[in-house]
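In what follows, a structure is listed as structure tokens, so that the remarks can point back to it.
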Amino acid sequence: MIKLYGVPLSPFVRKAMLALEYKNLAYENEPTFPGDASPAFRAISPLGKIPVLERNGFTTPDSSIICRYLDRIEPSPPLYPTDAQAEARAAWLEEYADTVLVGSCAGIFQERLLKPKFLNEATDEARLATILEEEMPDRCAYLEGLTPETGYLVGDALSIADISVLTCFVQAAYGGYEVDDARYPKLRAWIDRLSASALVRARMASERASMPPGLAD
Ligand SMILES: N[C@@H](CCC(=O)N[C@@H](CS)C(=O)NCC(=O)O)C(=O)O
């Protein structure tokens, strides 16, 4: 049995869950908050980060390592394309999503939802303005330039690129952010397409069911 440590609301945990579910791999979720300082968790996550995957006594942290591992233990359907150029492209988009895109999208989530509604902290308006006025236009313009009119970000099937980028926009949507379909029509249409898929709809239904009251409203 596979166990995934983390909370479904984390963009990186959501990424790993989507990967597991895309491959139809059964798993159980062990709810674990970011920064969990218990010695047991630190033993499997030296940086204190979620997610961590456990299988047959083996554990590994980091969503990207987890997804690569999943492709080795269950190759079909693949998360990483087999064609060399397509694989490089997908891995780059995963890296882009996991670094700059998630930083901006999680920032919207933190400033608009987490801090004011749940942590009783003031929104950092300057940070939020920088994200909305400078960072997101830059991220969206870049992605618009490589998003196809139909289908997926890389090749002709869903890949780690789609999962990694989408989880970021889901995070931003909790903070009320929507990609402007007039300025970034292909990106917006891709988000809408993927969000309507059975895979993503099922994940979001499960995610909402796991949340504290008020968060998903
Ligand atoms: N590169 C890691 C990043 C994971 C990550 O940053 N997770 C956040 C939650 S969304 C976390 O656990 N933060 C806790 C901390 O940094 O102490 C991955 O892909 O899994």
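The numbers here are math on the coordinates, done by the rules we state, and not lab data. Predicted model only: the values in this text are computed from it and were never measured. As a convention, Cβ positions derive from the backbone with ideal geometry for all residues, glycine included, and neighbour counts pool all protein chains shown.
Here are the numbers for the structure shown:
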item: Radius 12 Å from Cβ of Arg55, net charge of other residues (Lys, Arg +1; Asp, Glu -1); result: -1
item: Mean shadow area of the range 2-73 over all directions, Cα convex hull, nm²; result: 4.2
item: Qualifying trypsin sites (Lys or Arg not before Pro) for the range 1-99 [loop in DSSP, other Cβ within 10 Å: at most 15]; result: none
item: Orientation-averaged projected area, Cα convex hull of the chain (nm²); result: 12.1
item: Relative contact order (percent, whole number), the range 2-73, Cα cutoff 8 Å, 6+ residue spacing; result: 36
item: For the range 64-123, Kirkwood radius (reciprocal of mean inverse C-alpha pair distance, Å); result: 13.7
item: Label point at Arg42 placed 7 Å out along Cα→Cβ; residues across the range 48-83 whose backbone nitrogen lies under 20 Å; result: 48-53, 59-62
item: 3J(HN,Hα) from dihedral phi, the range 193-206, Karplus parametrisation 6.51/-1.76/1.60, rounded to Hz, x for glycine, proline; result: 4, 5, 5, 7, 6, 4, 4, 6, 4, 5, 4, 5, 5, 5
item: Per-residue HN-Hα couplings for the range 135-140 [Karplus 6.51, -1.76, 1.60; θ = phi - 60°; Hz; x = Gly/Pro]; result: 6, 5, x, 5, 5, 5
item: Sequence-separation-based contact order of the chain, relative, with Cα cut under 8 Å and 6+ spacing, percent; result: 22
item: Filter on Lys15/Lys115; Lys117/Lys186; Lys49/Lys115 - keep pairs with C-alpha separation over 29 Å; result: Lys117/Lys186
item: Alpha carbon Rg of the range 19-144, scaled by the compact-globule rule 2.2 N^0.38 Å; result: 1.27
item: DSSP bridge pairs, the chain: antiparallel proportion in percent, nearest 5; result: 65
item: Magnitude of the charge dipole, the range 84-197, Cβ model with Lys/Arg +1 and Asp/Glu -1, debye to 20; result: 240
item: Local electrostatic count at Val100 - Lys and Arg +1, Asp and Glu -1, tallied over other residues with Cβ under 10 Å; result: -3
item: Relative packing of peptides 77-83, 110-116 - highest average C-beta neighbours within 10 Å first; result: 110-116, 77-83
